[in-house]
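K.L.:
My questions all concern the structure below.
Just so it is clear, none of the values below were taken in a lab; they were calculated from the coordinates. As the structure is a computational prediction, the values presented were derived from the model and not from experiment.
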């Protein structure tokens with residue numbers, strides 16, 4: 001591997017490591033402030049698209065009386081990579097589309113958002129226990145999750161693939177295209193579930209099964225791909241598209257399927273109608289579109305916010 005490529009890989013790993021740090025509250029421990037910058041960190045969007053958002057009295061009246069009186073909500077936020085949510089090089093400032101949308105919704109509802117950064121896999125159990133009012137972390141709406149979690153949708157994302165620029169792998173329109181390959185993905189995600197559920201299809205087709213390589217953070221996934229230990233990476237469509245523009249020697253392959261993404265709440269939450277109204281108010285006044293343009297996500301806009309809609313079906317085979 002060339003020195004130039006080594007530098008790019010190390011920069012990427014640094015950026016992803018920043019994204020996985022816990023800044024405050026109860027999450028994985030922080031050993032100290034991170035100081036190194038990630039690749040093209042100066043290109044991270046900084047436009048203020050939230051401060052002009054104003055309170056909507058009709059939406060705020062949908063909140064439970066106790067929440068209106070308290071004036072605050074606790075949000076469990078997972079980090080991963082931009083454009084979702086990640087830390088700037090100072091290791092303390094969290095930015096991203098999830099962050100902007102959550103802050104804008106809170107302003108519409110006239111609430112102060114108390115944000116705590118915790119590990120992605122800890123959010124849904126923490127909601128069920130009542131520790132937090134809501135959570136964000138690119139949670140796709142699936143039938144399995146709908147059984148225990150309520151969602152208010154705010155964006156459309158999905159599952160996609162990326163690989164090295166020198167790979168001969170084409171579009172993955174069917175998971176049998178992955179047979180015999182090493183596939184990196186995040187542990188405990190819908191991507192891992194999709195891969196494990198369909199692994200037997202390779203054997204049915206008379207081909208060698210693919211190997212699912214599950215990682216707990218983005219840094220390890222990308223490093224495995226860059227170093228050739230993985231042949232392809234499966235992750236969020238929006239995250240992959242953003243990542244490949246900010247590092248060398250990788251390319252986005254294609255979307256595989258789409259999923260609605262939403263704020264996550266404990267099942268039976270009384271907060272859902274107010275959050276739905278707030279997202280739709282942001283869409284009506286243009287603030288929603290401004291946030292998505294800032295992060296290059298206009299293709300992932302939703303027509304309107306919905307409460308726990310059915311899962312978008314997987315591609316027909």
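K.L.:
From the P(r) of the range 104-230, could you give the percentage of C-alpha pairs in the tail past 22 Å?
P.N.:
Numbers: 3948 of 8001 pairs.
For the range 104-230, the fraction of Cα-Cα distances above 22 Å is 49 percent.
K.L.:
Is the C-alpha gyration tensor of the range 80-125 telling us rounded, prolate or oblate? Criteria: a/c under 1.5 is rounded; beyond that, a/b larger than b/c is prolate, otherwise oblate. Mind dumping the intermediate values first?
P.N.:
Values: a/c = 1.86, a/b = 1.26, b/c = 1.47.
Because a/c hits 1.5 or more and a/b fails to exceed b/c, the range 80-125 counts as oblate.
K.L.:
Can I ask one more? Please compute, for the alpha-carbon atoms of the range 60-152, the extent along each of the three principal axes and give them in descending order in Å.
P.N.:
39, 31, 19
K.L.:
Next question. With springs connecting C-alpha atoms under 10 Å apart, model the chain as a Gaussian network and identify which of 184, 278, 58 has the largest mean-square fluctuation.
P.N.:
Its mean-square fluctuation being the largest, the pick is 58.
K.L.:
Picking from 305, 81, 129, which is most flexible by a Gaussian network model of the chain using Cα springs under 10 Å?
P.N.:
129
K.L.:
How much mean residue ellipticity at 222 nm does the chain get from its helices, if each DSSP H run of length 4 or more adds -39500 (n - 2.57) and you divide by all residues, to the nearest 500 deg cm²/dmol? Write down the numbers at each step before the final one.
P.N.:
Numbers: 12 runs with 107 residues, N = 317.
Using -39500 (n - 2.57) per qualifying helix, the result is -9500 deg cm²/dmol.
K.L.:
With the convex hull built on the Cα atoms of the range 159-258, state its orientation-averaged projected area in nm². Write out the running numbers ahead of the final one.
P.N.:
On the way: hull surface 22.7 nm².
Taking the Cα atoms of the range 159-258, their convex hull projects to 5.7 nm² on average.
K.L.:
Calculate, in nm to one decimal, what residue 284 and residue 70 gain on full extension: separation in residues at 0.36 nm each, minus their alpha carbon distance.
P.N.:
Computed gain between residue 284 and residue 70 is 74.3 nm.
K.L.:
In the P(r) worked out for the range 215-311, what percent of Cα pairs fall beyond 24 Å? It would help to have the intermediate numbers written out before the result.
P.N.:
On the way: 1872 of 4656 pairs.
Beyond 24 Å sits 40 percent of the P(r) for the range 215-311.
K.L.:
Where q = 0.14, 0.21, 0.23, 0.33 Å⁻¹, what log10 of I(q)/I(0) comes from the Debye formula for the range 274-317, counting one point per Cα?
P.N.:
Cα-only, vacuum Debye calculation for the range 274-317: -0.42, -0.77, -0.85, -1.14.
K.L.:
Sorted from largest down, what three extents in whole angstroms do the Cα atoms of the range 104-169 have along their principal axes?
P.N.:
In descending order, the Cα extents are 51, 28, 21 Å.
K.L.:
No solvent, one uniform scatterer per C-alpha: report log10 I(q)/I(0) for the chain via the Debye equation at q = 0.10, 0.12 1/Å, two decimals.
P.N.:
-0.56, -0.81
K.L.:
Report, largest value first, the span of the C-alpha coordinates of the range 33-190 along each principal axis, in whole Å.
P.N.:
Sorted largest first, the three principal extents are 58, 41, 28 Å.
K.L.:
Please find, in a Gaussian network model of the chain (springs between Cα atoms separated by less than 10 Å), the residue of 135, 286, 296 whose mean-square fluctuation is greatest.
P.N.:
286
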